[in-house]
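*Asks:* Right, I'll just put the structure down here and ask away after.
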Amino acid sequence: MTFDPSRFLATHDGELVHLRRHLHAHPELGKAEWQTTALVARRLEAAGLRPRLLSAGTGLVCDIGGDGPVVALRADLDALPLHDEKDVPYRSTTPGVCHACGHDVHTTVLLGTGLALARHADQLRGRVRLIFQPAEEISPGGAIDVIGDRGLDDVSVIYALHCDPKLEVGRLGVRVGAITAASDQVEVQLYGPGGHTARPHMTADLAYAIARVVTDLPAALSRLVDTRAAVNMTFGLIASGTAHNAIPTTAVARGTLRVLDRAVWDGAQKLVERVLEATVAPFSQITYRLEYQRGAPPVVNDETATAVMATAARSAIGDEAVLNAPQSMGGEDFSWYLEQVPGSMARLGVRISGTDLDLHAASFDVDERAIAVGVRILVSTALQALDHYGAGRLRAVPPGRVGTG
């Protein structure tokens with residue numbers, strides 16, 4: 001089956017833009033997306049669909065169509081704990097919370113896709129499952145909750161779009177293999193007896209030791225891991241002491257470890273533990289504590305699923321509009337779905353002409369023409385995938401298969 005969503009967009013594009021602005025003005029943090037979930041559910045129910053609320057109370061799934069393969073499309077609902085710095089009518093009305101990663105656009109695009117497909121539900125060669133996922137920004141990610149709530153039951157393939165403020169509107173970036181990195185949080189705490197800066201040899205110089213940790217640990221990792229794995233360890237917080245002439249008793253460094261290679265990510269924590277122990281060992285009076293919080297694995301796009309999406313996107317927006325996406329060292333919990341079923345995440349161009357905005361910046365915004373482009377791409381992708389996977393080329397995930405990597 002094929003159909004052009006142009007007629008739907010001609011009458012609903014303004015409504016979708018209004019919806020996106022409403023979501024942007026009323027952002028909610030992960031696992032607290034109550035109003036966002038309710039709004040999406042109401043829109044789907046008004047179209048004659050039957051959304052199912054996730055057991056945690058936020059997020060939902062909704063099937064469109066009947067028997068046949070199940071193609072899942074995912075959007076994330078949550079915002080970031082940032083103050084919105086834009087001077088626009090739809091600026092966040094919630095202090096300290098804003099949609100600085102485009103999840104309001106993701107939600108709007110998926111809802112628009114669902115409403116467009118619902119008009120032809122009885123003609124679909126299978127089912128399209130809309131997944132409105134909570135808590136993408138919370139490690140290790142709300143995707144795990146969706147999987148545990150049987151959101152992937154019977155799914156053959158899953159797709160998602162992610163806003164890219166560096167890519168022009170009307171374009172889509174696709175990539176086979178790792179498109180984002182694993183992202184783990186690392187905190188190193190050091191403890192010592194303290195003392196006078198005039199006599200560092202009589203105590204343990206904690207400031208010097210934490211400096212060694214934040215320089216030697218990343219340097220050692222770069223020599224112990226294949227450079228093609230792209231291991232990146234960077235510290236964003238270093239704190240120790242309160243006076244210029246007193247050696248402190250505590251020090252802390254917090255940062256992230258990011259890696260594109262799935263196998264290297266599996267062993268990253270043990271490697272950090274080993275290198276940290278060796279780094280601190282010369283300082284006999286210092287003890288340490290490592291807090292290592294694993295995030296989500298890399299997003300590794302399946303070759304066949306990506307080819308299906310690229311073909312569909314070319315049909316929807318033109319051959320020249322589909323480009324190769326660069327790899328990103330950012331993290332994305334869409335990877336948990338790809339641990340269970342094949343799929344692909346692509347980058348949707350949302351760049352505002354003349355700007356150089358970035359994700360997770362308090363000034364982030366999008367060119368809203370990207371919403372209609374996203375709907376065209378997802379509608380085409382869903383239909384193309386139903387045709388492809390309906391030929392029995394891939395076995396769906398059976399009910400009850402749940403895992404977190």
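The values are calculated or read from the model by the stated rules, or taken from the named source; none is laboratory data. Owing to the predicted nature of the structure, the values given are computational and were not obtained by experimental measurement. Quick reminder, even Gly has a Cβ in these numbers, built from the backbone with ideal geometry, and neighbours come from all protein chains shown. Protein only, heavy atoms only, side chains kept; ligands, DNA and RNA dropped before computing areas. Shrake-Rupley method; radii C 1.70, N 1.55, O 1.52, S 1.80 Å.
*Asks:* Between THR311 and ASP358, what is the spin-label point distance in nm, taking each point 7 Å from the Cα along the Cα→C-beta axis?
*Replies:* It is 3.8 nm.
*Asks:* Another question, if that's okay. For the chain, what size does the Cα cloud have along each of its three principal axes, sorted from largest down, in whole Å?
*Replies:* Taking max minus min along each principal axis of the Cα atoms, the chain gives 80, 47, 42 Å.
*Asks:* What do you get for Rg/Rh of segment 108-247 when both radii come from the Cα atoms and Rh is the Kirkwood radius?
*Replies:* Radius of gyration over Kirkwood radius for segment 108-247 works out to 1.19.
*Asks:* How much FRET efficiency would the formula 1/(1 + (r/R0)^6) give for GLU277 and ALA10, where r is the Cβ-Cβ distance and R0 is 56 Å, rounded to 0.05?
*Replies:* Numbers: r = 64 Å, r/R0 = 1.14.
So, using R0 = 56 Å, E works out to roughly 0.30.
*Asks:* How big is segment 186-268 by the Kirkwood estimate over distinct Cα pairs, in Å?
*Replies:* 14.1 Å is the Kirkwood radius here.
*Asks:* Once the cut-off is 22 Å, how many percent of the Cα-Cα pairs in segment 1-132 end up in the long-distance tail?
*Replies:* Taking all Cα-Cα pairs of segment 1-132, the fraction more than 22 Å apart is 37 percent.
*Asks:* Here's something else I'd like to know. Across bins of 10 angstrom width beginning at 0, how are the C-alpha pair distances of segment 286-362 distributed, in whole percent?
*Replies:* 14, 35, 31, 13, 5, 2, 0
*Asks:* Would you kindly give the portion of the calculated P(r) for segment 54-104 that falls above 14 Å, as a percent of all Cα pairs?
*Replies:* Tail fraction, whole percent: 65.
*Asks:* Let me know the longest stretch in the chain that avoids all trypsin sites (Lys or Arg not before Pro) found in a DSSP loop with at most 13 other C-beta atoms within 10 Å.
*Replies:* Numbers: sites that count: ARG393, ARG395.
Counting only loop sites that pass the neighbour cut-off, the longest clear stretch is 1-392.
*Asks:* Additional query: Just the accessible area per residue of the chain, please: how many Å² with a 1.4 Å probe?
*Replies:* So the chain comes to 42 Å² accessible per residue, rounded to a whole number.
*Asks:* Counting only protein heavy atoms, what percent of the accessible surface of the chain is carbon or sulfur at a 1.4 Å probe?
*Replies:* Carbon-and-sulfur percentage of accessible area, whole number: 49.
*Asks:* Please report Rg (one decimal) and Dmax (integer) in Å for the Cα set of segment 142-183.
*Replies:* 13.9, 36
*Asks:* Beyond 23 Å, how much of the Cα-Cα pair distribution for segment 199-317 remains, as a whole percent?
*Replies:* So the portion of pairs separated by more than 23 Å is 46 percent.
*Asks:* What is the local net charge at GLY236, summed over the other residues whose Cβ is closer than 14 Å to its Cβ (Lys, Arg +1; Asp, Glu -1)?
*Replies:* 0
*Asks:* Checking understanding here: applying a Kyte-Doolittle mean of at least -1.0 and a length along the axis of at least 20 Å (C-alpha), which whole DSSP H helices in the chain pass?
*Replies:* Values: long enough: 6-25 (28 Å, -0.47); 103-118 (22 Å, 0.90); 206-224 (26 Å, 1.06); 303-317 (21 Å, 0.70); 369-389 (30 Å, 0.85).
Sorted by number, the helices that extend far enough and score high enough are 6-25, 103-118, 206-224, 303-317, 369-389.
*Asks:* Over all alpha-carbon pairs of segment 246-405, lay out the pair-distance distribution in 5 Å bins, whole %, shortest bin first.
*Replies:* Per 5 Å bin, starting at zero, the Cα-Cα P(r) for segment 246-405 comes out as 1, 7, 11, 14, 14, 13, 11, 9, 7, 5, 4, 2, 1, 0, 0 percent.
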